[in-house]
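Worksheet: the structure to be examined is printed underneath.
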Amino acid sequence: MNVPCNTLIWNMTRKCNFRCEYCYFPHDNTPVTETLDARRIKAFLDGTGRTWKVGLTGGEPFIYPGINDICATLTETHVIGIDTNLSASSKIRDFAARIDPARVHNLYVALHIEERERVKGVDAFIGNARLLLDKGFALIVNYVVHPTLEARFHDDVAFFAAHGIAITPRPFRGTFEGRRYPEAYGERGRAIFADHPEQGKKVAFNFEGLPCSAGRTLLRMEPDGTVFRCPGDKTVLGNVMDEVRLYEGYPPCTKKRCPCRGLDHVRLSAGQSALVEGVQYAVVADDDASLTAFERAMTAAPGHPCGENNLGVLAWRRGDSAEAVRRFERALESRPGNALYAANLEGARAAAPDFDPGICLDVNADVAPR
């Protein structure tokens, strides 16, 4: 499928029928009462003269009233993707019967294994997934590898593989026991993500100040129809039920952590692109590929403090503490007072056996004069 680069992320509802402990914002399972007219949304998108991918997310989209009518309307002229837990079996069957798989980019299916087991829904999940796969829909079944689930992850992968369902590990994003993930997987990430290096793209980078087409090629729509520039920048561009004024050009990013797929819309220099690539590989513990990318970043932007720090992380991982200290020192010299660089330098000098240095995500960091 030729997926359009123009993306509308429709946060349909904050209601969900699951209650996963690691969910990053609270949901409730009361009925959805705030709904939008899909014909108005389609008219807005059609009016741009471009084809859009509409990402239906939440909460749980399949508890939204008239969800399959909405999908049918939007796919007349656009493409959809759906984030779902695949638990609403009757609606899933109707979806499979009515919607053309060629107009669906994919269903990004959250397994949430402990919650699935709690509601005794494993067998129903397998049936729903197999139905969609057999109909020709593309499914990405993701497994959030929360630190508490690492020990059972491979057994769960084997179980679902026996039913013809491939599992994609998804990095946990958040803080657990005082450590920030996904960066904190460290070397453990190799056993989890070795066959899925693309999962490193889930990292929330700092693009503040860099030119970005969000607001023109990327939009976020709230349950009431309010349209924001993107999931991170809550600048209101209008309401889809009234009028929306899109940005032009590439206004600078305003957020220190990009929670969306900003990499599809932000404009990076060669050095910044290489730094991003290096971080993505480092998160999934592909240290060789990460090293190559960070070295390219430093060639393009000599002395970049974030690159220095991240080369120090890789040096620490391979047991070269002296090189790690040298790199962390250079990073801190460029950015005196940076808490991450200072903590990494202190930890490397102390050489504590459980020390795990942090990866820098500040792609926009300029090099300060020495």
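So here's what we get for this one:
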| read-out | value |
| --- | --- |
| Subset tally (residues that are closer than 24 Å to residue 15 by Cα, surrounded by fewer than 21 Cβ atoms within 10 Å (Cβ to Cβ) and among the β-branched types (Val, Ile, Thr)) for the stretch 216-244 | 3 |
| Criterion violated by residue 115 - all others in (1) over 22 Å from residue 223 (Cα atoms); (2) in contact (Cβ under 8 Å) with a residue 24 or more places away in the chain; (3) part of a loop (DSSP other than H, G, I, E, B) satisfied | (3) |
| Hits in the stretch 81-105 - residues which are closer than 14 Å to residue 61 by Cα, in a strand (DSSP E or B) and out of contact with any His (no Cβ under 7 Å at 6 or more places or on another chain) | 82, 83, 84 |
| Any hit, the stretch 152-160, residues being β-branched (Val, Ile, Thr), modelled with pLDDT under 95 and surrounded by 15 or more Cβ atoms within 10 Å (Cβ to Cβ) | no |
| Which numbered condition residue 77 misses (of (1) loosely packed, with under 14 Cβ neighbours inside 10 Å; (2) more than 30 Å from residue 49 (Cα to Cα); (3) of a type in the set (S, T, N, Q)) | (2) |
| Matching residues in the stretch 187-215 - criterion: being assigned to a loop (DSSP other than H, G, I, E, B) and open to solvent by less than 60 Å² (accessible area, probe 1.4 Å) | 196, 203, 204, 205, 207, 209, 210, 213, 215 |
| Criterion (out of contact with any Gly (no Cβ under 9 Å at 6 or more places or on another chain), more than 28 Å from residue 212 (Cα to Cα), assigned to a loop (DSSP other than H, G, I, E, B) and open to solvent by 60 Å² or more (accessible area, probe 1.4 Å)) met by exactly one of 354, 288 | 354 |
| Meets criteria (open to solvent by 40 Å² or more (accessible area, probe 1.4 Å), under 24 Å from residue 9 (Cα atoms) and of a type outside the set (Ser, Thr, Tyr)) for residue 91 | yes |
| Output for the stretch 51-74, where each listed residue is open to solvent by 20 Å² or more (accessible area, probe 1.4 Å) and either of a type in the set (A, V, I, L, M) or in contact with a Pro (Cβ under 7 Å, 6 or more places away or on another chain) (or both) | 51, 53, 63, 72 |
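The values are calculated or read from the model by the stated rules, or taken from the named source; none is laboratory data. A quick note: this is a predicted structure, and the numbers were derived from the prediction, not measured. Heads up, the Cβs are rebuilt from the backbone with ideal geometry, glycines too, and the neighbour counts pull from every protein chain shown. Just the protein is used for accessible areas: all its heavy atoms, side chains included, with ligands, DNA and RNA removed. Shrake-Rupley method; radii C 1.70, N 1.55, O 1.52, S 1.80 Å.
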